[in-house]
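The values are calculated or read from the model by the stated rules, or taken from the named source; none is laboratory data. Keep in mind the model is a prediction, meaning the values are calculated, not measured. Note that we place each Cβ from the backbone using ideal geometry, even for glycine, and neighbour counts take in every protein chain shown.
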Ligand code: CTP
């Protein structure tokens with residue numbers, strides 16, 4: 001029996017794919033098709049794939065030419081597969097001419113004629129709805145958002161809102177936007193969705209006004225500083241069929257999402273302790289050190305560290321105790337000990353104290369070590385008592401890393417999906433609850 005193997009994303013399955021699969025099948029008796037996993041595509045920068053892996057696998061099967069479908073999940077897998085499945089022919093479209101000659105060492109390599117005039121990219125472009133997004137706020141993070149949004153399909157950042165007219169204008173010019181506003185009511189008429197990157201204490205109000213105006217919202221961290229407000233906003237978004245997403249960038253990056261699935265699948269046994277640290281020194285004058293603007297380590301850094309705890313250990317928190325060093329009414333350092341029924345966790349945060357910003361997840365079989373800066377997860381290690389079993393994992397974390405959350409935001413809008421598994425609304429509410437309790441001084445000791 002002659003075995004043939006071929007690979008692809010097969011997004012929005014089209015005639016070009018069908019022709020390719022038919023030709024590949026005709027080369028032998030048994031056709032294996034490797035369909036890329038969602039995380040593999042994201043990891044290699046293919047952020048705009050419309051169909052998820054299950055839909056793509058179903059579409060490939062439905063062509064009737066395929067005997068077996070496998071998932072392609074890592075670089076170098078083709079060599080493994082060819083040997084494992086005892087493949088005779090590797091086939092691929094002629095657009096890849098020469099690129100897979102290195103496989104000739106393992107089997108015959110055939111480049112099949114590509115069907116002219118059609119591709120997934122073309123279909124995505126033809127059917128692409130462009131969402132007009134306005135940025136609220138024009139600070140450091142807002143500046144990073146514009147170039148990051150350019151690499152995601154379906155989003156056009158068109159305008160900015162800042163109550164200060166001069167700042168709004170300067171941002172518009174620097175970023176090449178079509179307009180700028182200092183008045184919310186006119187600004188909101190010109191967009192389909194907003195990205196809120198304004199000072200912390202304005203988030204709730206802007207989220208509410210944008211949702212009431214029927215616009216989707218991506219809100220920077222800290223989303224809001226109270227669980228009641230978070231709940232109210234999610235309910236409002238729900239009732240209007242709008243997407244409201246907390247912009248927790250780490251929760252959306254390929255490395256961190258894979259880390260969560262690995263840990264959840266038991267590679268380090270039961271998780272017994274999670275330690276997440278994040279410190280970034282700031283110099284006055286800055287809003288991070290201003291008590292009247294809700295500055296402090298907790299409001300700056302708790303969102304990402306608590307996200308990690310909650311993704312890994314859940315929301316069933318027994319109690320949380322905090323120790324803070326204060327300067328001018330602002331916690332420049334906070335250590336939080338968060339207890340679960342069967343696990344412990346801690347966060348160590350600083351804006352006036354420097355510490356190592358790593359993430360350590362300890363389990364009954366081993367531990368995960370994510371070196372600083374863990375929140376830009378592009379690498380981690382799984383370590384065991386028997387060091388020969390240790391494994392290192394590498395991922396891409398492209399640009400400023402905002403592209404992953406932007407892509408999820410747009411994908412949620414397109415598919416009318418109001419909740420993201422990468423950060424559930426209930427998880428976002430739990431984060432707001434801990435920040436709220438801290439700000440109310442519950443179990444907080446000043447050191
Ligand atoms: N293919 C083809 N003819 C086309 C498009 C794709 O023969 N018009 C082949 C590719 O050469 C490859 C397989 O179909 O062997 C899967 O390709 P894939 O990358 O999934 O499809 P594209 O339409 O090229 O996708 P994209 O535009 O996202 O690159």
- Query: Which members of the range 132-152 meet the condition of being surrounded by fewer than 19 Cβ atoms within 10 Å (Cβ to Cβ) and in contact (Cβ under 8 Å) with a residue 24 or more places away in the chain?
  - Reply: 132, 139, 141, 143, 144, 147, 151
- residue 165: passes all of (1) farther than 18 Å from residue 219 by Cα; (2) in contact with a strand residue (DSSP E or B) (Cβ under 9 Å, 6 or more places away or on another chain); (3) surrounded by 14 or more Cβ atoms within 10 Å (Cβ to Cβ) but (3)
- Message: If I ask for residues that are within 11 Å of the ligand (Cβ to nearest atom) and assigned to a helix (DSSP H, G or I), which ones from the range 3-32 would you list?
- Response: 15, 16, 17, 18, 19, 20, 21, 22, 23, 24
- Task: Hey, could you check the range 38-58 for residues that are surrounded by fewer than 21 Cβ atoms within 10 Å (Cβ to Cβ) and at pLDDT 95 or above and say which is nearest to residue 257 (Cα to Cα)?
- Result: 57
- When you look at residue 230, is it surrounded by 23 or more Cβ atoms within 10 Å (Cβ to Cβ), more than 19 Å from the chain's Cα centre (by Cα) and under 27 Å from residue 140 (Cα atoms), yes or no? yes
- Query: Any residue in the range 129-142 that is modelled with pLDDT of 95 or more, in a helix (DSSP H, G or I) and within 10 Å of the ligand (Cβ to nearest atom)?
  - Reply: no
- Message: Looking for something in contact with a strand residue (DSSP E or B) (Cβ under 7 Å, 6 or more places away or on another chain), in a loop (DSSP other than H, G, I, E, B) and surrounded by 20 or more Cβ atoms within 10 Å (Cβ to Cβ) - is there at least one such residue anywhere in the range 289-308?
- Response: yes
- If you go through the range 82-93 one residue at a time, do you hit one that is more than 15 Å from the ligand (Cβ to nearest atom), surrounded by 14 or more Cβ atoms within 10 Å (Cβ to Cβ) and either under 33 Å from the mean Cα position of the chain (by Cα) or under 23 Å from residue 15 (Cβ atoms) (or both)? yes
- Among residues of the range 331-352, those that are part of a loop (DSSP other than H, G, I, E, B) and surrounded by 17 or more Cβ atoms within 10 Å (Cβ to Cβ), counted: 2
